[in-house]
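Here's the structure, in structure tokens; my notes come after.
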Amino acid sequence: MIQRLFAPFALFLVIGFLIGPFLIIVAASFSAGETLAFPPQGFSLRWIAKVFTVESFRDSFATSMMLAIGGTFCALVLGIPAAYAMSRYKLPLSETVRTIVSAPVIVPGIIVGLALLRYFVVPFGIGITPALFLAHTALVLPYAVRVVSASLANLRSDIEEAAVLLGSSRLGAFFRVVLPNIRGGILSAFILGFVTSFNQVPVSLFLSGPGVRTLPIDMIAYMEIVFDPSVAALSSLLAFMSIGIVFLAERFLGFSRYV
Amino acid sequence: MSDLDFLSLEKLTLAYGDSIAVKELDLSIRKGELVAFLGPSGCGKTTTMRAIAGLLAPASGRIRLDGADITRVSANRRSVGLVFQSYALFPHLSVFENVAFGLRLKKLPAADIEKRVNAGLKSVGLTSFASRKPAELSGGQQQRVALARSMVMEPKVLLLDEPLSNLDARLRLEMRTELQRVQKETGVTMIFVTHDQGEALSLADRIVVMKGGTIEQIGTPEEIYNRPASAFVADFVGFENIFELSGGKLKAANGLAELPGPVPSAAGLAWRPRMVTLGSGPFRGTVRGASFSGDSREYLLDTPLGPIKAEIDASLPAHAPDTELAFDLPVEKAAELKRFG
């Protein structure tokens, strides 16, 4: 009896805790008031409209998009062959490599960011954009390797030999029979990498500099100066963008099978 | 080159790293022959097949096919087909595209490809499945797709890895017939690998029995079944009473045992359970176990020679456990082993 009452209650609490903040932000973004507040004061779309007029948001959105798409793409170009090699060949150090590649996930972002800044960006005089790009590639790489590894593990390796015996080269076999069969895994890795990169704060915080900021960093900077609901409006828009991407991925690719 | 050595392996040594899997193998296979590589796992049969396919580079030795040395020819230019044990169909392609895969790589005209794929699918009875994905087919159907996929390439040699082992009894008979028909119709040289002596005996023109990376015996199914050359082959094809000979006497558990009558000069003698005479003869043993299998009864006897297995018609009276029985190992029925070991 107690269980029957308690279970829905616990479920409600957990869901409320997970979705609550999101609902508050969404509600706040439709506010008519001048400051970020909850409950919202009145209803308007003005802050949503304002998001599109803030120039720094437009610039940092473009930077974040470039980093998320480009960085994830590079991570996949590096990660797919790495995952393939580790799954198909008995390499002496493959477990070590797997661990090292996972390091950016395990080590706190603050430390990664600080270390990159102190020992890589400053001594070598690397520009802000290339530094951000390299950092985001490294951050996404673990996801690329892991997700692609998972889908390679489900694929028999003898189909490559079959392709070779039917006249294909080894490389051709990779493109003709391996790649098409791990397509779902690659797209899942891309989405996961994209979202990770796009929402990344601590590393970008250290590496952003004059004129070049990622969107989350820009939002923090904006909030320090202007405390209006446009940040909530922007957050809502980004959240809906993420939901949309994941929804489409699930709908067409069965995203959840790979993550 | 004649048709007698269409495919020949010359002193072929194969290794995985430092461990040698196949040692100085010599073998000639005729054009259009259906050969079985028979042996327990680890005997080198699959390794040899992979080397013929070009998936494994030999450590030394040569492979010749149709007059050309193909030892260093890469797997994709050998005209050797392989039907994998797991079938290895491409999961993302339809049945039609699976069969068309190799033909498309050859850049044949589309109309040609369609014609050949359709003929290939028709020959394995899968015309109506052309647009299905492999996952939507049964194991037997997948195997026939794999067979068609290899056969449309018109290979000089078709290799099959354990072609019947994944199929149930009814499909096995069907596939056996299918393979023999394809072989007779196309005249393709076929080699299949199996650990099942029944498969090898019923399907092959010639059997190559392998053990520990070398050939134990090569012969027709009748030769292998009736005249095994070694104790290993004898054991593999169901001779359960195997004895080494020493100076015309059996090397038995209790020392050397005299056999009645003249003894051939062989390294050993072997009897199937069927060949043991039960109820009369110079030896005595105690019944330790019995099993009934419909047509016959098999007895395990505890004898001074060691354990003996004997089989008699089920219509004969049964012997109770612990009964002492006379038995004979008739020399004239025994298989003479040239080598022991």
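The values are calculated or read from the model by the stated rules, or taken from the named source; none is laboratory data. Predicted model only: the values in this text are computed from it and were never measured. Quick reminder, even Gly has a Cβ in these numbers, built from the backbone with ideal geometry, and neighbours come from all protein chains shown.
Give region A:226-250 a look and list any residue that's among the β-branched types (Val, Ile, Thr) and within 17 Å of A:THR53 (Cα to Cα), or say none.
Passing the criteria: A:VAL226, A:VAL231.
Pairs under 8 Å by beta carbon, first residue more than 8 Å from chain A (Cβ to nearest Cβ) in region B:64-83, partner of a type in the set (Phe, Trp, Tyr), six or more apart or different chains?
From region B:64-83, the pairs are B:LEU65/B:PHE6; B:ASP66/B:PHE6.
When the residues of region B:255-284 are filtered to those that are surrounded by 12 or more Cβ atoms within 10 Å (Cβ to Cβ) and among the charged types (D, E, K, R), which remaining residue is nearest to B:PHE239 (Cα to Cα)?
B:ARG272
Test B:PRO163 against the stated conditions and say whether it is crowded, with 18+ Cβ neighbours inside 10 Å, within 13 Å of another protein chain (Cβ to nearest Cβ) and either outside any helix (DSSP H, G or I) or in contact with a Gly (Cβ under 9 Å, 6 or more places away or on another chain) (or both).
no
What are the residues in region B:303-326 that are surrounded by fewer than 16 Cβ atoms within 10 Å (Cβ to Cβ) and either in contact with a Pro (Cβ under 9 Å, 6 or more places away or on another chain) or assigned to a strand (DSSP E or B) (or both), if any?
Passing the criteria: B:PRO307, B:ASP313, B:GLU324, B:ALA326.
Identify, from the list B:SER291, B:SER280, B:SER265, the residue that is in a loop (DSSP other than H, G, I, E, B) and not basic (Lys, Arg).
Just a single option satisfies the conditions, and that option is B:SER265.
Listed here are the residues, each with its yes/no results for (1) at pLDDT 90 or above; (2) part of a helix (DSSP H, G or I).
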residue: A:ALA37; (1), (2): no, no
residue: A:ILE48; (1), (2): no, yes
residue: A:SER64; (1), (2): yes, yes
residue: A:LEU76; (1), (2): yes, yes
residue: A:PRO81; (1), (2): yes, yes
residue: A:LEU91; (1), (2): no, no
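So which residues in region A:159-182 are within 9 Å of chain B (Cβ to nearest Cβ) and among the hydrophobic types (A, V, I, L, M, F, W, C)?
A:ILE159, A:ALA162, A:ALA163, A:VAL164, A:LEU165, A:LEU166, A:ALA173, A:VAL177, listed by residue number.
Go through (1) charged (D, E, K, R); (2) within 12 Å of chain B (Cβ to nearest Cβ); (3) crowded, with 17+ Cβ neighbours inside 10 Å one by one and return the number of the condition A:ARG156 breaks.
Condition (3) is where A:ARG156 drops out.
Does at least one position in region B:255-267 carry a residue that is at positive phi, touching an Asp or Glu at 6+ places or on another chain (Cβ under 9 Å) and in contact (Cβ under 8 Å) with a residue 40 or more places away in the chain?
Taking every residue of region B:255-267 in turn, at least one turns out to be at positive phi, touching an Asp or Glu at 6+ places or on another chain (Cβ under 9 Å) and in contact (Cβ under 8 Å) with a residue 40 or more places away in the chain.
Between A:ASN181, A:ASN154, A:ASN199, which is closer than 20 Å to A:ILE217 by Cα and polar (S, T, N, Q)?
Going through A:ASN181, A:ASN154, A:ASN199 in turn, the sole match is A:ASN199.
So for region B:264-277 (the condition being farther than 21 Å from B:PRO228 by Cβ and under 34 Å from the mean Cα position of the chain (by Cα)), does at least one residue qualify?
No; the residues of region B:264-277 include none that is farther than 21 Å from B:PRO228 by Cβ and under 34 Å from the mean Cα position of the chain (by Cα).
For region B:1-94, which fully contained strands (runs of 3 or more DSSP E) count at least 1 residues that are in contact with a Gly (Cβ under 9 Å, 6 or more places away or on another chain) and either surrounded by fewer than 21 Cβ atoms within 10 Å (Cβ to Cβ) or among the basic types (Lys, Arg) (or both)?
B:7-16, B:19-29
Going by what's in this entry, would A:LEU116 be described as over 15 Å from the mean Cα position of the chain (by Cα), surrounded by 14 or more Cβ atoms within 10 Å (Cβ to Cβ) and not small (Gly, Ala, Ser)?
In short, yes.
Does region B:236-245 contain any residue that is outside the structural domain of B:ALA51 (by TED's automatic domain parsing) and either of a type in the set (D, E, K, R) or free of Cβ contacts under 8 Å to residues at least 12 places away in the same chain (or both)?
Within region B:236-245, one or more residues are outside the structural domain of B:ALA51 (by TED's automatic domain parsing) and either of a type in the set (D, E, K, R) or free of Cβ contacts under 8 Å to residues at least 12 places away in the same chain (or both).
Which one is nearest to the chain's Cα centre (by Cα) among residues in region B:200-237 that are among the acidic types (Asp, Glu) and surrounded by fewer than 21 Cβ atoms within 10 Å (Cβ to Cβ)?
Per the stated criteria, the residue is B:ASP205.
For region B:108-160, which positions are within 14 Å of chain A (Cβ to nearest Cβ), surrounded by fewer than 16 Cβ atoms within 10 Å (Cβ to Cβ) and in a helix (DSSP H, G or I)?
Listed by number, the list holds a single entry, B:ALA135.
I need a count of the residues in region B:199-227 that are without any contact (Cβ under 8 Å) to a residue 60 or more places away in the chain and either charged (D, E, K, R) or in a loop (DSSP other than H, G, I, E, B) (or both).
3
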